[in-house]
Amino acid sequence: MDLDYLKYLTSGVDRDVVLNELMNKYGNDVWNFAFYLIRRSDYADDICQEVFLTLYEKLHTFRGESHIKSWLLTITRNKTYKYRRNAYFSRVVLVNNAALKGTSRSAEAEMFDRMETRHIWINVMKLPLRYREVLLLEIHYQLSIQEMAKMLNVAEGTIKSRLHRARKRLSTLLQLEPEGGIDD
């Protein structure tokens with residue numbers, strides 16, 4: 001689905017139709033990004049709703065200077081940071097299973113893959129927010145360094161440095177904590 005037409009929206013366009021298209025295409029990305037930044041599914045639900053409400057209100061302000069996905073992830077990041085600043089936000093880490101869906105592999109191979117994936121994501125969630133954020137944007141959302149720099153409003157060198165440090169810290173965490181030591 002090509003959403004380039006968003007650059008040319010006028011006030012007469014049915015925003016409900018456009019919002020439905022965007023929610024269908026990017027809803028999971030918005031929710032996942034919020035979840036990985038805030039670590040709580042109930043808060044991610046609230047943030048996702050706020051993002052799409054903001055999108056509905058500000059749809060005509062999209063200038064097309066970035067990809068719509070980058071714009072939505074920027075809104076998500078800003079809403080998440082605002083949510084984190086609220087007094088009632090508690091720093092409880094809840095990690096759901098991040099499992100890969102296999103085809104017709106053995107049950108044992110599938111179980112070991114899930115354990116390994118879960119182990120990696122648990123350790124990613126232990127990273128400081130600035131490192132976790134760039135890893136997610138690069139690996140999961142496949143944003144370029146330039147897109148991340150623009151979205152996070154930092155220099156490209158800062159993004160490269162954060163990515164390097166994030167990978168190094170994650171590698172250290174993975175080496176320090178053997179996979180068998182994961183508690184459910």
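Counting only protein heavy atoms and using a 1.4 Å probe, the accessible area of Val51 comes to about 0 Å². Other residues whose C-beta falls under 14 angstrom from the C-beta of Ser161 contribute a net charge of +4, scoring Lys and Arg +1 and Asp and Glu -1. Available extension along the chain between Glu57 and Asp14 is 14.2 nm, counting 0.36 nm per residue and deducting the alpha carbon span. When nucleic acids and ligands are ignored and a 1.4 Å probe is applied, Lys168 ends up with an accessible area of around 130 Å².
For the range 116-173, the solvent-accessible area of protein heavy atoms averages 49 Å² per residue (probe radius 1.4 Å; ligands and nucleic acids excluded). Couplings 3J(HN,Hα) for the range 155-168, derived from phi with the Karplus relation 6.51 cos²θ - 1.76 cosθ + 1.60 (θ = phi - 60°), are 6, 4, x, 5, 4, 4, 5, 5, 4, 4, 5, 5, 4, 5 Hz, where x marks Gly and Pro. Taken along the Cα-to-beta-carbon direction at a fixed 7 Å, the label points for Asn78 and Thr158 span 1.6 nm.
Contour minus end-to-end for Gln49 and Leu173, with contour as 0.36 nm per residue of separation and end-to-end as the Cα-Cα distance?
Details: separation 124, 0.36 × 124 = 44.64 nm, distance 3.36 nm.
Residue separation times 0.36 nm, minus the Cα-Cα distance, leaves 41.3 nm.
The values are calculated or read from the model by the stated rules, or taken from the named source; none is laboratory data. Since the structure is predicted, the reported quantities are computational estimates derived from the model, not experimental observations. Using ideal geometry, Cβ is built from the backbone for each residue, glycine included, and neighbour counts are taken over all protein chains shown. Only protein heavy atoms, including side chains, enter the accessible area calculation; ligands, DNA and RNA are left aside. Shrake-Rupley method; radii C 1.70, N 1.55, O 1.52, S 1.80 Å.
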